[in-house]
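Every number here is computed from the coordinates shown, using simple stated rules; none is lab data. Since the structure is predicted, the reported quantities are computational estimates derived from the model, not experimental observations. Every residue, glycine as well, gets a Cβ built from its backbone with ideal geometry; the counts of neighbours run over all protein chains shown.
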Amino acid sequence: MLQTNLNHIESASQLNQIISENENVMVCCGRMGPMCLPVYDVMENLEDKYENVKFFDMAFDSPEAGVIRNLPECSTFAGLPFTVYYKNGKVVKATSSIQTKDEVKTILNEKFGN
Amino acid sequence: MEKFDAIILGGGPAGLTAGIYLARAKQSVLIVDQGSVGGQIILTHKVANYPGVPETSGYQLAGNMKKQAKEFGCKIVSSSKVTKMDLISDQKTIEVDGEDVYTSDSVIIASGGEPRSLGLESEKRLKGKGVSYCATCDGDFFQDQDIVVVGGGNSALEEAVSLTAYARSVTIVHEFDHFQAYASAVKEASEHPKINFILESNVVDFKGKESLESVIVKNLKDGSEQELAVTGAFIFIGYVPRSEAFKGILDINDRGEIIVDRDMKTGVKGVFAAGDVISKRYRQITTAVSDGTIAALSVLEYKNKK
């Protein structure tokens, strides 16, 4: 489990349940590394401002994280973290590597509105 | 509008140290960082030369500094951008994320530096799809693949060696005919059977639709270009001071560094600067901590004299 203040997803079934029960979900799948930490930090900062979005992290090295690692949208990714945005259970955007707050906000606004 | 005794822009070792000193002196302190608190040291896998700490990770050391600053009462706002500021007036104002406005009569700029990029459009497009800035994070995506490392300093050579644990071959592309690294790092990289060198050359383009497929390397002596089939490119070409926002307000040299005196004072009353953003020769965690200490003590002196 990652040492962040975000809610954690620990299994594929939990992820599937979350995306089926929530319209807008952002999941950051990474490690406690320098490219991942800033993204968790951005998410923690945005949680209060985007009440229409549920924010989660998932440990990249967990076997259960295959549910994200093996997504077709992530097939060309070669940089942590993998960040996936779900709307009504479907992937609407996925990014690889570090993202700034502005980049994350742009995606949240574009895909989920605010 | 919230008022503080001191506002610190930047939450790396310099900013956090200044915060610790000021908060401990019963000053109300706001630390604003545009990224994660900790600064560049969170990128450092191992810190073994910080006095009193036998060996730790940069992330751990930064975490301890942040905890200490918070325990002394610093308010820390991370992942937030300064959108407007007035540093000239006696009462300085800082607007954050276009929303929150803070004031203080003293500001310490400890905004540090950021990794230098090649500035290519293709580099941006393929970030995380072959182009990387962190060997520790992304090295294992390149198992048995051919990769390049761009740069010729300690980071480039040390990370090139660490990447040989995964990659089939590592080609170091460097713009000069010599390295800006410790002799031991040069020796280790030079003697490694998996490492090749292309010197006096620059990467001028990254090719690939969905992910990196090759890089174009230009020879800086004769202008010739060659295409290297690689799936990974790690860029370690140093850091640039994060001082853009202060141009026209503070004295900044041609390297983008803020000019301060020995007390960390800038040319503007009530504005101090510390850490990697200032003009200085050595950039270490310990020197940043020292700068932060001096800046904090100078702020206290400035306030006492007012």
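Worth a mention:
- Packing-based order for B:160-171, A:87-98, A:12-23, using average beta carbon neighbours within 10 Å, highest first: B:160-171, A:87-98, A:12-23
- Residue-count net charge about residue B:275 - beta-carbon cut-off 11 Å; Lys, Arg +1, Asp, Glu -1: 0
- Antiparallel DSSP beta bridges within chain B, percent to nearest 5: 45 percent
- For B:282, B:182, B:50, the sequence from fewest to most other C-beta atoms within 10 Å is B:282, B:182, B:50.
- Distances between every pair of Cα atoms in chain A, grouped in 5 Å steps from 0 to the bin holding the largest one, split as 2, 13, 26, 28, 22, 8, 1 percent.
- Global geometry of segment B:156-306, whether rounded, prolate or oblate, following the gyration tensor of its Cα atoms and the 1.5 cut on a/c: prolate
- Shown for chain B: cysteine residues without a partner Cβ closer than 4.7 Å, namely B:74.
- Each DSSP beta bridge with both residues in the protein assembly as shown is either parallel or antiparallel, and the antiparallel ones are about 45%.
- Across the options B:248, B:233, B:196, the greatest Cα extent toward the positive end of the charge dipole of segment B:154-306 (unit charges at beta carbon of Lys, Arg, Asp, Glu) belongs to B:248.
- Neighbour-count order for B:104, B:224, B:111, fewest beta carbons within 10 angstrom listed first: B:224, B:104, B:111
- Global geometry of segment B:121-235, whether rounded, prolate or oblate, following the gyration tensor of its Cα atoms and the 1.5 cut on a/c: oblate
- About the Cα centre, charge dipole magnitude for chain B (Lys/Arg +1, Asp/Glu -1 at Cβ), debye: 1020 debye
- For residue B:89 and residue B:175, the FRET efficiency from 1/(1 + (r/R0)^6), where r spans their Cβ atoms and R0 equals 45 Å, is about 0.55.
- Among beta bridges that DSSP assigns inside segment B:121-235, antiparallel share in %, nearest 5: 40 percent
- As a rough footprinting exposure proxy, the listed residues B:306, B:218 were ranked by other beta carbons within 10 Å of their own, and the order from fewest upward is B:306, B:218.
- Theoretical FRET efficiency, 1/(1+(r/R0)^6), r = Cβ-Cβ of residue B:101 and residue B:140, R0 45 Å, to 0.05: 0.50
- Judged by the gyration tensor of its Cα atoms, with axes a ≥ b ≥ c, segment B:118-181 is oblate; a/c meets the 1.5 cut and b/c is at least as large as a/b.
- Structure note, pairs B:194/B:218; A:111/B:247; B:46/B:187; B:67/B:124: Cα-Cα distances above 24 angstrom occur for A:111/B:247; B:67/B:124.
- Cα-Cα pairs of the protein assembly as shown separated by more than 29 Å (percent): 50 percent
- In degrees, nearest ten, helix B:154-163 long axis to first principal axis of chain B (Cα): 50 degrees
- Rounded to 10°, Cα long-axis angle of helix B:13-24 versus longest principal axis of chain B: 20 degrees
- When Rg and the Kirkwood Rh are both derived from Cα coordinates, the Rg/Rh ratio for chain B amounts to 1.03.
- Candidates A:43, A:35, A:58: whichever shows maximal mean-square fluctuation once chain A is modelled as a Gaussian network with Cα springs under 10 Å: A:35
- Spacing of the two label points (7 Å from each Cα toward its C-beta) at residue B:114 and residue A:102, in nm: 0.8 nm
- Over segment B:17-114, all Cα pairs binned in 5 Å intervals from 0 give whole-percent P(r) values of 3, 12, 20, 22, 20, 13, 5, 4, 1, listed from short to long.
- Estimated 222 nm signal from helices in chain B, with DSSP H stretches of n ≥ 4 weighted -39500 (n - 2.57), rounded to 500: -7500 deg cm²/dmol
- Here the dipole of segment B:121-235 is about 180 debye; that uses its Cα centre as origin and unit charges on the Cβ of Lys and Arg (positive) and Asp and Glu (negative).
- For the pair residue A:44 and residue B:259, label points projected 7 Å from Cα toward Cβ lie 3.9 nm apart.
- The charge dipole of segment A:7-97, taken about its Cα centre with unit charges on the Cβ atoms of Lys, Arg (+1), Asp and Glu (-1) only, comes to about 340 debye.
- Among B:126, B:259, A:84 the positive-end extreme of the charge dipole of the protein assembly as shown (Cβ point charges): B:259
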